[in-house]
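First comes the structure, then the notes that go with it.
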Amino acid sequence: MIRKSRRGGPETIASLDLGSGRVTCLIGVPEGASGAVKVLGGASVPCRGLKGGVVINIVETTLAIARAVEEAEAAAQATVSSVWLGVRGAHLQSFNNRGAYNIARTDREITAGDVASVVASARAIPLSSDREILHVVPQGFSLDRQRGVPHPVGMEASLLEVEVHLVTASSGQINNVLKAVAEAGFEVVEPVYGLLAAGEMLVTPEEKDLGCALIDIGGQSISLGVYSEGAIKHSKELPLGADFITRDLAVGLKTSIATAERIKIEHGFAHPSFQDGDAEIDCHGIDGRTPLRVKTSEMKSIILPRVEDIFNAIGESLQGYEDVIAPGGAILTGGGSRLRGTVEAAQCILDKLPVRVGVPHPEQVRCDDVWMSPSYATALGLLLYARSPQRHGGAERAARRQKPAWMRKISSVFEEIF
């Protein structure tokens, strides 16, 4: 146990994003009835216990989580006991399914209970013992086979149907993450697929309706989401990311990972139009002492092929959805989208598709400029996600499953008493 949980105010919300080698915690409070969230403070720390959003060293991950939350608490001058947890990684898999429910009552008026029943029928799918359902996202309802009904409660029909997007996860991976958070001294309100949280903040209702793609470029994984007709239609995790560019630079230039990352951020670019001459960059070798001099042209010859590989893989994963996403284009987010020329490279490789970088709207989130970066889109999105009770179908399950059976029994007894 790293520390004991401390109670914050009833309105305090904390998000915890476990990314590719980093842990980010933001603490915020809702601002009235507007739905906006004010960020009080946050912290982002490196973590050697994570790789592509998956725990590979639980001790290192626990230490990083404790440090991130405690630094965020100090910055926010607030304390928290629970967090909304953002997850990602190749262990996440998704697909679409349908459910149906007959309304046998005389009045045939659809209630919230009927909607819950039809969604439950859609999630009744066979899964292996090592997997669990993380999200069931309704895409649209049908009344007596009439499609396109977003909110059926109060309407009449004999047959209620629903199309849903199911996100499943490895039970072992989720349990490892929950254990790391618990060992750090905090509870998880609900594990949330980071792509869905970022999408709620970055993708406009019109883009969701017309069709678009959200591309979250992390360090070691890329999350893809396709939206159409107001809902997510497809999502996928790719096991590659911006850290692949850094590693290529380290190998090609014979320097350290840290130096390669610095060169990439300060001097790198993803599209040849951003090259201005052939300047020389002073750095050091792998030992940190041997002086090196790198030319811009040499750096370009390493970065551009990897950028092309990344967006070609993205394009292949979006095959079959080209017409769906054409109206709204692609929205880039994540730390990997910060490399200069990434938008232009994406437009070039993804068949002239309109591309923009997703930026939170000030009416949604109020925070210091440092947190408005694409690197923190998931952490910000989780704060907004926490403000949407209708999406929290897994909250109770998540809160109960992280406790052993004997503790759940004791908790239920005390809940009945008090």
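The table below gives the values:
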item: Residue satisfying all of: in region 253-263; part of a helix (DSSP H, G or I) and of a type outside the set (D, E); farthest from G219 (Cα to Cα) among these; result: L253
item: Condition check for G241: assigned to a helix (DSSP H, G or I) and among the small types (G, A, S); result: no
item: Residues within region 321-334 that are closer than 15 Å to L238 by Cβ and under 19 Å from the mean Cα position of the chain (by Cα), tallied; result: 4
item: Out of A68, A43, A33, sole residue that is out of contact with any Gly (no Cβ under 8 Å at 6 or more places or on another chain), free of Cβ contacts under 8 Å to residues at least 12 places away in the same chain and either more than 18 Å from L240 (Cα to Cα) or not polar (S, T, N, Q) (or both); result: A33
item: Within region 167-199, tally of residues that are in a strand (DSSP E or B) and among the polar types (S, T, N, Q); result: 2
item: Residues being under 18 Å from I310 (Cα atoms) and either of a type in the set (V, I, T) or surrounded by fewer than 22 Cβ atoms within 10 Å (Cβ to Cβ) (or both) - total across region 340-391; result: 16
item: Residue that is farthest from L178 (Cα to Cα), among those in region 41-75 that are at pLDDT 95 or above and assigned to a strand (DSSP E or B); result: G41
item: Unmet criterion (only one of (1) modelled with pLDDT under 95; (2) closer than 18 Å to S82 by Cβ; (3) among the hydrophobic types (A, V, I, L, M, F, W, C)) for A184; result: (1)
item: Tally, over region 240-275, of residues that are more than 28 Å from the chain's Cα centre (by Cα), surrounded by 21 or more Cβ atoms within 10 Å (Cβ to Cβ) and either under 16 Å from G336 (Cβ atoms) or among the aromatic types (F, W, Y) (or both); result: 0
item: Count of residues meeting criterion [in contact with a strand residue (DSSP E or B) (Cβ under 7 Å, 6 or more places away or on another chain) and either assigned by TED's automatic domain parsing to the domain that holds Y193 or not in a loop (DSSP other than H, G, I, E, B) (or both)] in region 114-166; result: 31
item: Residue in region 329-341 that is β-branched (V, I, T) and out of contact with any Leu (no Cβ under 8 Å at 6 or more places or on another chain) present; result: no
item: Strands (runs of 3 or more DSSP E) contained in region 264-366 and holding at least 2 residues over 23 Å from L210 (Cβ atoms); result: 280-284, 291-295
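Residues checked against (1) at pLDDT below 95; (2) in contact with an Asp or Glu (Cβ under 7 Å, 6 or more places away or on another chain); (3) of a type in the set (D, E):
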residue	(1), (2), (3)
T246	no, yes, no
L249	no, no, no
L253	yes, no, no
E266	yes, no, yes
H271	no, yes, no
A279	yes, no, no
C283	yes, no, no
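The values are calculated or read from the model by the stated rules, or taken from the named source; none is laboratory data. Source: prediction; values computed, not measured. Please note: Cβ atoms are built from the backbone with ideal geometry, for glycine as well, and neighbour counts cover all protein chains shown.
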